[in-house]
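The values are calculated or read from the model by the stated rules, or taken from the named source; none is laboratory data. Everything quoted here is computed from the prediction, not taken from an experiment. Ideal geometry is used to build each Cβ from the backbone, glycine not excepted, and the neighbour counts take in all protein chains shown.
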Amino acid sequence: MSISKRWKFLLATPANLCTALVIAGAVTGLTATGVRASQSSINTLPAVSDTHPKPASLSAAAQPAAVQPVTAQPTAAQQAPQPTLHANAIEAIANVAEMEPAEADEAQADDPSAIDQVTSVSQLTDVQPTDWAFQALQSLVERYGCIVGYPDKTFRGNRALTRYEFSAGLNACMDRINELIAAGTADLVKKEDLLAVQKLQEEFAAELATVRGRVDAVEARTATLEKQQFSTTTKLNGLVWFNLSAANASRDVTFEGPPGSVENPANGRFFATRDPATGLPTRQVTGSPEPTFSFLTWLTFNTSFSGKDSLVTQLAAGNGISPINQYASAGFFNAFGSPFTDQSAGTVNGRNDVVIHDLFYSFPLNDAIKITVGPRVNWYRHFDFNRFTFFLTGAGSFDSIGSTQTNAIDRGSGAVIEWNINKQFRLAVAYLGENTEFLPGQFGFNTSSNPNFGLFGGTNTATAELTFSPTSSLNFRFMYNYSRIQAYGGQVGGAIGEPIPYGYLDAGPGFSNGIIDGGLNHAYANTLAFNFDWLITPGFGIFGRYSFGNTNLEPINKAVDVQSFQVGVGFPDLFKKGALGVVTFLVPMDIIRGEEYFAAGAGDGGTMYELEASYFFPLSDNLALVPSFYAIFNANNFDSNPTIFVGNLRAQFSF
């Protein structure tokens, strides 16, 4: 039979392969008869399976980390189980598939850990003694042990195989033969059988050389990675945002803030004042801001010591001051209409300081319970989820990505316990003392690490949330949050004011008279919140939130009640796989009781509401464009204010 005809014969089925390989098995007998040529010929085979690293190790070293990867679904060919050769052949095929994705569908091989080695051909249920290749298969299984079957004890001998599969199988059986030769346990063999093996080696020399060359290249790259890698236990993930933002109104906008804050919205509206003559909050007017182009970046170091635990250190830097802040009342900074990623990271707005954003350690207590503890735990990693308002892919403003009334602590010191009770129920509880990276410690913030307040004084919160998921497409979340809020300058509010979303509270008229003396020491608050998301069809879903908060002011023992709500629709895979369009309507703060205690934020009694639209469009797994548009009505709770329009184009990079 000619070489070309022999190849076509071998390509047909694994049964043909077995017939060819069993000839190779007979080579072991040459050692017993002193035929030295057999061993020298066999030794010319490239030792592929003895030199390359394990596929799992290669993948771990070579695969870059990604924050939010889009995983492609395996094809039918990739999902189908494949017959498995000796372990050495498995490794060779796996490495060929990793280095040449286009050939992976051809050189398919199952995980050897999932397949049992058969010791007798009778264990293969679809192989009969009457099969034409029965004797060849019997020899390879029972004599050499270099062919195994599927997990269901079948061989499926009619499946076609590729030249690479044949090469790997041939190499595996040659390795087995070498072992037998070394052990001196071979039987006699005819010289013509040796010639057949030699011809097979010559026919597949190119394939064997290619496989070995690829393994050598992988070894070189792996060695380079091992020398240059940052750490054997730490992975780096990154997120970078470019923000082009603009805001505009048809005329001047009224806001509440101290005198002189018109020219300095970024740093001059972090307290409130009242007019000494009337006792009413001080009012100012401002024109439209200029467009801005800013950045924000997060670099996350994820370290694991056991493979199940995680020590997370996240660094952040940015220089954004979103234009909408030009219109904001005191206590509204980075709130309504402000894109979440259009912000600075540190304590000085507009200055690109590098800060530690998150720092915590998570570990599993068992298969169902995970514990997170640290000096700077991110509350939003654990509570108030919603598939349509996740800031990376869904709604994108400070108001729309979560409840405006939770939480008084963005990052804090303490612990979170998460219990996945079953597939339908999840319970999360937490206690955190305030330690937020963008609040300046020199003014008394970061109370958990300040000896004057400590972990259980100052500002702290306790949270419990129960999630009920009757199906994978429907989720209900019920949350209770208790807060102790420290007053600064006698006022409660701003970034740690929740459940008061915006503004500043004081003891009422007669306080905050042009100076920061609001008459309060602290406040206690109780908040109830509910949110849901429902993916009705693969391309359409709805979601919503409702929150109610009661805040008790001390030492005057007065209460302020505020509610908020949000409804919206989502369009997954809109125009492209992985895309998401979101439209949402929300009322971020509706004052029910206690309006007289707002030194800033109550406006003229109006109720602000917003309409937002965003579209997440992935250009690749690592790059997305996200245009957003917001309309803010009755801004700063002034019915007399014009509608403010905000536009933002975000470029989002992940690695």
Please verify whether region 628-636 includes one or more residues that are in contact with a Lys or Arg (Cβ under 9 Å, 6 or more places away or on another chain) and over 22 Å from residue 289 (Cβ atoms). no
Would you check if there is a residue in region 596-606 being in a strand (DSSP E or B), out of contact with any Leu (no Cβ under 8 Å at 6 or more places or on another chain) and under 30 Å from residue 291 (Cα atoms)? yes
Filter result for the condition that a residue is touching a Lys or Arg at 6+ places or on another chain (Cβ under 6 Å) and surrounded by 17 or more Cβ atoms within 10 Å (Cβ to Cβ), over 588, 618, 642: 642
How many residues are more than 29 Å from the chain's Cα centre (by Cα), under 26 Å from residue 390 (Cβ atoms) and of a type in the set (Ser, Thr, Tyr) if we restrict to region 528-563? 0
Has region 212-229 got at least one residue that is modelled with pLDDT of 85 or more and among the hydroxyl-bearing types (Ser, Thr, Tyr)? no
Anything in region 142-157 that is part of a helix (DSSP H, G or I) and of a type outside the set (Lys, Arg)? List them, or say none. 142, 144
Filter region 172-187 down to residues that are in contact with a helix residue (DSSP H, G or I) (Cβ under 7 Å, 6 or more places away or on another chain) and within 13 Å of residue 145 (Cβ to Cβ) and give me whichever is modelled with the lowest pLDDT. 180
For residue 209, which of the numbered conditions (1) in a helix (DSSP H, G or I); (2) among the aliphatic types (A, V, I, L, M); (3) modelled with pLDDT under 80; (4) more than 30 Å from residue 304 (Cβ to Cβ) fails to hold? (3)
Where in region 228-310 are there strands (runs of 3 or more DSSP E), lying fully within it, with 3 or more residues that are in contact (Cβ under 8 Å) with a residue 40 or more places away in the chain and buried (at least 18 other Cβ atoms within 10 Å of the Cβ)? 234-249, 253-256, 292-303
Could you tell me which numbered condition residue 328 fails, if it satisfies all but one of (1) within 29 Å of residue 429 (Cα to Cα); (2) in contact with a Lys or Arg (Cβ under 8 Å, 6 or more places away or on another chain); (3) of a type in the set (A, V, I, L, M, F, W, C)? (1)
From the list 505, 520, which residue is touching a helix residue (DSSP H, G or I) at 6+ places or on another chain (Cβ under 6 Å) and buried (at least 24 other Cβ atoms within 10 Å of the Cβ)? 505
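Condition check ((1) touching a strand residue (DSSP E or B) at 6+ places or on another chain (Cβ under 8 Å); (2) assigned by TED's automatic domain parsing to the domain that holds residue 501; (3) among the charged types (D, E, K, R)) across all residues:
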| site | (1), (2), (3) |
| --- | --- |
| 365 | yes, yes, no |
| 385 | yes, yes, no |
| 400 | yes, yes, no |
| 418 | yes, yes, yes |
| 433 | yes, yes, no |
| 439 | no, yes, no |
| 450 | no, yes, no |
| 455 | yes, yes, no |
| 473 | yes, yes, no |
Is it the case that residue 255 is at pLDDT below 95, aromatic (Phe, Trp, Tyr) and under 19 Å from residue 493 (Cβ atoms)? no
Could you list, in sequence order, all residues of region 127-141 that are loosely packed, with under 15 Cβ neighbours inside 10 Å and either on the phi > 0 side of the Ramachandran plot or not in a loop (DSSP other than H, G, I, E, B) (or both)? 135
